[in-house]
């Protein structure tokens, strides 16, 4: 399946160029978003430690407002790359029984807890874990996994040891976290469970779809969004990053035009029977 064929599954929502087209109702240090009839508030104390969610991450929230989105009531969910707690807050507000917020960045815990509390949600239903995904061993499987992996290609010239780096940039041409999710999913997701993913067109959507469908997962697209590549934080390295992305595009591993790309809100459903061994 190609990225182009995936795009035909649903109408694309085009966000205008620049900040005026943001999915956020208010932003940037404190944002309010609507989710299933609720107005939820998200704040980031220090954006250098924990990135305030971009439209890439918020796109999945928007897609989950669609009628085709899964029921979240009573689920035991895992939020991979929880960051500021955007998805954890939304899931708990929608009635999730339990949410585990996993992030490699230790600063994520305090920010996620603060945002759960500020929205009047039951923090006893939240568990925060600081660990790389590859080393996480929960001892249980989840009904639902949700994630917005980092998707910009890594380069030593703009590498930085902070929350921005872990949220936006990944090795392997931006695919490192996608690959880790694919590798770990049969361990983390219960048979019949659902994986929700905001997938950037900069990081080879067809490869991810092929990997999952090849192991029996059913893939569907909830919504597609077109928006600006998040280059503001890397303004002085824009040419380097775009150069890497152009290399990825030439190799058939990225799709974008100028500074515009797409984010696909994807839903993967694991079969109830065991998947073939990876």
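The values are calculated or read from the model by the stated rules, or taken from the named source; none is laboratory data. Please read all numbers here as calculations on a predicted model, not as lab measurements. Positions of Cβ are generated from backbone atoms using ideal geometry, with glycine treated the same way; all protein chains shown enter the neighbour counts.
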Response to the item:
Per the list (1) surrounded by fewer than 20 Cβ atoms within 10 Å (Cβ to Cβ); (2) closer than 19 Å to residue 208 by Cβ; (3) touching a helix residue (DSSP H, G or I) at 6+ places or on another chain (Cβ under 6 Å), residue check on residue 240 breaks on (2)
Worksheet entry | Criterion: within 24 Å of residue 250 (Cα to Cα) and surrounded by fewer than 20 Cβ atoms within 10 Å (Cβ to Cβ) - qualifying residue of 186, 155, 204 | 155
Worksheet entry | Residues located in segment 38-55, provided they are crowded, with 20+ Cβ neighbours inside 10 Å, in contact with a helix residue (DSSP H, G or I) (Cβ under 6 Å, 6 or more places away or on another chain) and at pLDDT below 95 | 50, 51, 53
Response to the item:
Expected output for segment 226-238 (first residue at positive phi, partner surrounded by 19 or more Cβ atoms within 10 Å (Cβ to Cβ) and at pLDDT 85 or above, Cβ below 6 Å, 6+ apart or cross-chain) is none
Discussion item. Tell me whether segment 124-131 contains one or more residues that are over 19 Å from residue 51 (Cα atoms) and over 19 Å from the mean Cα position of the chain (by Cα).
Written reply: yes
Practice prompt. For segment 118-152, name all the residues that are farther than 23 Å from residue 199 by Cα, touching a residue at least 40 places away in the same chain (Cβ under 8 Å) and surrounded by fewer than 16 Cβ atoms within 10 Å (Cβ to Cβ).
Written response: 118, 138, 140
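Conditions tested, residue by residue: (1) at pLDDT 95 or above; (2) farther than 22 Å from residue 143 by Cα; (3) crowded, with 21+ Cβ neighbours inside 10 Å.
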position	(1), (2), (3)
11	no, yes, no
32	no, yes, no
61	yes, no, yes
79	yes, no, yes
92	yes, no, yes
95	yes, no, no
Practice prompt. Output the number of residues of segment 67-84 satisfying the condition of being touching a strand residue (DSSP E or B) at 6+ places or on another chain (Cβ under 6 Å) and closer than 10 Å to residue 102 by Cα.
Written response: 5
Worksheet item: Any idea which residue in segment 217-251 is modelled with the lowest pLDDT, counting only those that are over 23 Å from residue 12 (Cβ atoms) and touching a strand residue (DSSP E or B) at 6+ places or on another chain (Cβ under 8 Å)?
Response: 234
